[in-house]
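Report on the following structure.
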Amino acid sequence: MPHWKTLLKTSIIRPADLPLHLVRDQAGMARVTSVYPMRINPYYLGLIQEPGDPLWRQAMPDSRELTDRVCMADPLAEESLSPVPNLIHKYPDRALFLVHAQCAMYCRFCTRKRMVGTTRMRITADTIRAGLDYLKKTPAIRDVLVSGGDPLLLEDEALANLLQELRKIKTIEIIRIGTRVPCVLPMRVTKKLASLLKRFHPLYINTHFNHPAEINQTAATACARLADAGIPLGCQTVLLKGINDDPAIIRALMQKLLTIRVKPYYLFQGDMTRGTDHFRTPLRQGIDIMRSLIGHTSGLAVPTLAVDLPGGGGKIPLLPEYAQYCSGKIRATNFCGHDFTYVDPAE
Ligand SMILES: *Cc1c(COP(=O)(O)O)cnc(C)c1O
Ligand code: SF4
């Protein structure tokens, strides 16, 4: 397999350069890419079988991205929650630090679609410095999520320097990296990268797989390298209409993730991001999918279904109802629909 940088350089960024059998509505695709960039690297392109398949839909521009009149450019109010550019401080003890503007693929449903991969996302040595300074003077932040774009597209040296700077801040206990690289460009996870990351423990990685067809030997090798470096791996999956909005697909995905040592973390209801309305699924369906998981497969395979509230409200869990609280007891219905009672201890 070619080097990851070669794969990135040879990515398709213009619909006109796509293999003809994968093109649908080339003019529409071209209009979309003048607003929202496309990048499909040869690895991910090779996983796509045919137009309309679940991987094709994640990667290929769709003219509906331009006709969304429901959703918002910045649904999570990230801009108003940024004390300095590219650092979002929404929760008391953690912050989201955007350190790279590009990704190994531009997912059509991206929450930061308004800026990722464009000149609207400006990350420079100065913004990184300002972010580090803010973290330094805000000791309440004990958990930093390094994200973007995709931080693992940084060169090894730049990434090591950044992590080193974060580790100099003694109030930061945990570093988390959010990256789609293990899924969309797994060859970026070299042995050298894994041994570099290992120097900065406790370090967690949350990756992002959306469909069982994204999990193969190459992705498994990438995850094994990270797991062997002692890095706990989580996955943040997004529910996507026409891609994975189905209990059997989500169950297969969650079970398959565990076989490559990735623990499902969040299952996200789609954000209300402008240009992604056509991907959103009914809330009810997410709850039904959770019902189809809980009790029917390992608890390890069950993520938290969450919605990140528009306006910067943060993430809240959505759960099916299993229990009714009465005085001194609960009446519960189990995963098979049978009723049980649990009695509180006497006072
Ligand atoms: C999701 C998110 C976090 C992390 O939330 P967890 O529930 O701890 O994973 C932190 N900051 C921002 C702005 C986020 O969007
Ligand atoms: S990898 Fe993440 S940040 Fe990049 S385009 Fe996909 S969803 Fe957006």
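The values are calculated or read from the model by the stated rules, or taken from the named source; none is laboratory data. A quick note: this is a predicted structure, and the numbers were derived from the prediction, not measured. A quick note on method: Cβ atoms are made from the backbone with ideal geometry, for glycine too, and the neighbour counts reach across all protein chains shown. Each accessible area value is taken on the protein alone, full model and side chains, heavy atoms only, with ligands, DNA and RNA left out. Shrake-Rupley method; radii C 1.70, N 1.55, O 1.52, S 1.80 Å.
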Residue that is farthest from Ala213 (Cα to Cα), among those in the range 47-71 that are within 16 Å of ligand 2 (Cβ to nearest atom) and of a type in the set (A, V, I, L, M): Met60
Are any residues in the range 217-245 of a type in the set (S, T, N, Q) and touching a Gly at 6+ places or on another chain (Cβ under 8 Å), and if so, which ones? Gln236
Being part of a strand (DSSP E or B) and either surrounded by 11 or more Cβ atoms within 10 Å (Cβ to Cβ) or of a type in the set (S, T, N, Q) (or both) is the filter here; which residues of the range 327-347 pass it? Lys329, Ile330, Arg331, Ala332, Thr333, Phe340, Thr341
Log entry, pairs with first residue in the range 186-201 being touching a residue at least 60 places away in the same chain (Cβ under 8 Å), second being surrounded by 14 or more Cβ atoms within 10 Å (Cβ to Cβ), beta carbons closer than 6 Å, six or more apart or on different chains, reads Pro186/Thr218; Pro186/Ala219; Pro186/Ala222; Met187/Trp4; Arg188/Trp4; Arg188/Leu152; Arg188/Val181
Working only within the range 132-162, note down all residues that are over 20 Å from Pro202 (Cβ atoms) and part of a helix (DSSP H, G or I). Asp133, Tyr134, Leu153, Asp156, Glu157, Ala158
If you take the residues in the range 128-145 that are under 29 Å from Thr237 (Cβ atoms) and touching a Pro at 6+ places or on another chain (Cβ under 9 Å), which one is surrounded by the most Cβ atoms within 10 Å (Cβ to Cβ)? Gly131
Please find, within the range 286-315, the residue that is nearest to ligand 2 (Cβ to nearest atom) out of those that are open to solvent by 10 Å² or more (accessible area, probe 1.4 Å) and over 26 Å from Thr259 (Cα atoms). Asp308
From the list Arg24, Arg39, Arg31, which residue is surrounded by 13 or more Cβ atoms within 10 Å (Cβ to Cβ), out of contact with any helix residue (DSSP H, G or I) (no Cβ under 7 Å at 6 or more places or on another chain) and over 21 Å from Arg180 (Cβ atoms)? Arg24
Pick from the range 70-126 the residues that are without any contact (Cβ under 8 Å) to a residue 24 or more places away in the chain and surrounded by fewer than 18 Cβ atoms within 10 Å (Cβ to Cβ): which of them is nearest to ligand 1 (Cβ to nearest atom)? Glu79
